[in-house]
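S.K.: Have a look at this one.
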Amino acid sequence: GGKVNMNDTYITEEHELFRKSLRKFLDKEAYPYYSQWEKDGMIPRAFWRKMGEQGFLCPNIDEEYGGSGVDFGYSVVINEELERVGSGTIGIGLHNDIVIPYITTYGTEEQKKRWLPKCATGEFISAIAMTEPGAGSDLASIRTTAIKVDDHYVLNGEKTFITNGMNADLVIVAVKTDTKVTPPYRGISLVIVEKGMKGFTRGRQLNKVGLHCQDTAELIFDDCV
């Protein structure tokens, strides 16, 4: 790649103005409540909605889908300022910068219109389900399957350590759609499961050493259509 000129700062004056308004918001809406969120084991959905109202969710989404269409520097600022509040807020960065880009990159027009605006307002909270009780960083060995039946898929399997697991309205699930292909990773697909879909339930919210307000959970798919 090209050389990086260390004099070129990625974070500009506009980003710093944005940081100022975000910090003011967090001073009022997050800092005073964070220790209570840690006790409750959950960041309230009302906080997500407030973040969305102020334009602090999914800043990279194009304006036509309810985002601001701005560069990744804004995400950097959001993550830095949330980290100042406490590490239990990491589920917001996951929503903004890990889950949503899958939809913006690979989603159909219909899917983008259906999900992105609600993800930007905080009405929908997202998660990504890869890790399983028997598969962590070795994703090729996941066992959750999605078998095509007529015009839909039927999912079976379990996921664990899923960030935003209890709150999620929308989960991108890594599944095996082909269990016979070699190498095995070629048989992996991503499917979106929505809250309320038949056969989708949540197991335990997991107790962790820290990040208590991050609702990390088990997800179960039992003939989930």
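S.K.: If I ask for residues that are acidic (D, E) and either open to solvent by less than 20 Å² (accessible area, probe 1.4 Å) or at pLDDT 95 or above (or both), which ones from the stretch 175-225 would you list?
M.R.: Hits for the stretch 175-225 are E194, D215, E218, D222, D223.
S.K.: Now for a separate question. Filter the stretch 119-161 down to the residues that are touching a helix residue (DSSP H, G or I) at 6+ places or on another chain (Cβ under 9 Å), open to solvent by 60 Å² or more (accessible area, probe 1.4 Å) and free of Cβ contacts under 8 Å to residues at least 60 places away in the same chain and list them by number.
M.R.: G134
S.K.: Out of curiosity, is V209 more than 18 Å from I125 (Cα to Cα) and β-branched (V, I, T)?
M.R.: Values: more than 18 Å from I125 (Cα to Cα): yes; β-branched (V, I, T): yes.
Considered against the rule, which asks whether it is more than 18 Å from I125 (Cα to Cα) and β-branched (V, I, T), V209 comes out as yes.
S.K.: So, in the stretch 67-85, how many residues would count as being farther than 15 Å from A30 by Cβ and surrounded by fewer than 21 Cβ atoms within 10 Å (Cβ to Cβ)?
M.R.: Going through the stretch 67-85 one residue at a time, the tally reaches 8.
S.K.: Check whether at least one residue in the stretch 162-174 is modelled with pLDDT under 95 and either closer than 30 Å to I43 by Cβ or open to solvent by less than 10 Å² (accessible area, probe 1.4 Å) (or both), and report yes or no.
M.R.: no
S.K.: Now for a separate question. Residue by residue through the stretch 42-66, note down the ones that are open to solvent by less than 20 Å² (accessible area, probe 1.4 Å) and among the hydrophobic types (A, V, I, L, M, F, W, C).
M.R.: Within the stretch 42-66, I43, F47, W48, M51, F56, L57, C58, I61 qualify.
S.K.: Filter the stretch 104-118 down to residues that are exposed (fewer than 13 other Cβ atoms within 10 Å of the Cβ) and assigned to a loop (DSSP other than H, G, I, E, B), then give me how many there are.
M.R.: Adding up the residues that qualify gives 1.
S.K.: Looking at the stretch 73-122 only, could you name the residues that are of a type in the set (A, V, I, L, M) and farther than 30 Å from K39 by Cβ? Before you say what the answer is, go through the steps one by one.
M.R.: Taking the stretch 73-122 as the starting set, the residues that turn out to be of a type in the set (A, V, I, L, M) are 76-78, 82, 85, 90, 92, 94, 98-100, 103, 116, 120.
Once the filter is applied, which keeps residues that are of a type in the set (A, V, I, L, M) and farther than 30 Å from K39 by Cβ, the stretch 73-122 yields I103, L116.
The values are calculated or read from the model by the stated rules, or taken from the named source; none is laboratory data. These figures come from a predicted structure and were not determined experimentally. Don't worry about glycine lacking a Cβ; one is built from the backbone with ideal geometry, like all the others, and counts go over all protein chains shown. The area values use the complete protein model at the heavy-atom level, side chains included, leaving out ligands, DNA and RNA. Shrake-Rupley method; radii C 1.70, N 1.55, O 1.52, S 1.80 Å.
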